[in-house]
Amino acid sequence: MTEAARIQAILAGHEEEYAYFLDRYADAIHRMVAGIVDCAEDAEEVTQDAFIRAYEKLPTFRGDCQFSTWLYQIAYHLALRRARKPRRELLFDDERALDALGDEVILSDNPEAGAADAAVERLRQALGRLRPEERTLLLLTYDEERPTAETATIMGLSEGNVRTRLSRLRKKLFVLLSHEPEDS
């Protein structure tokens, strides 16, 4: 069944079909949200709020973009609102940072694993110094591998602006990583 058919089924009263969207997109939405908000509890709450909001607004979904793009837009804007609120806690979730990197580091007795851990930590610190919008742009582009057009739609930017911001972000990360001490 296509997503459009599932949406029509939900609108016709078959609410159980919404579980498909939860199963398909919950992890990816949570990763994006976790890259924006400061704590795991907020990320979980915003993710749930995004799915609830999408369900409530489903009758307004016009279908001029993919459902996933529309859902990402909702989650992105809710996460930005939460990130701009005064911080309730200043906790850092290491698992969230590693998930946002998109790569798994294999730990072993290999001396190179220690160097990989240090590199991951330096990258985590550099990413933590970026604004939520910048982290989201990197996450959508490199972790989620979303096309430029879809990233632009989700973030409310033009495609050219996405490309320009990515170019600037790569330079900014290079500078941040170049100035991070190797033994931090």
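None of the figures in this text is laboratory data; all of them are computed from the coordinates on show. Bear in mind the structure is a predicted one, so any value in this text is a computation, not a measurement.
Here are a few things to note about the model shown:
- Computed from backbone phi with θ = phi - 60° and the Karplus coefficients 6.51, -1.76 and 1.60, the 3J(HN,Hα) list for the stretch 71-79 is 5, 4, 4, 4, 4, 4, 5, 5, 5 Hz; x is used for glycine and proline.
- The gain in end-to-end length when the Ala119 to Thr164 segment is fully stretched comes to 13.6 nm, 0.36 nm per residue minus the alpha carbon separation.
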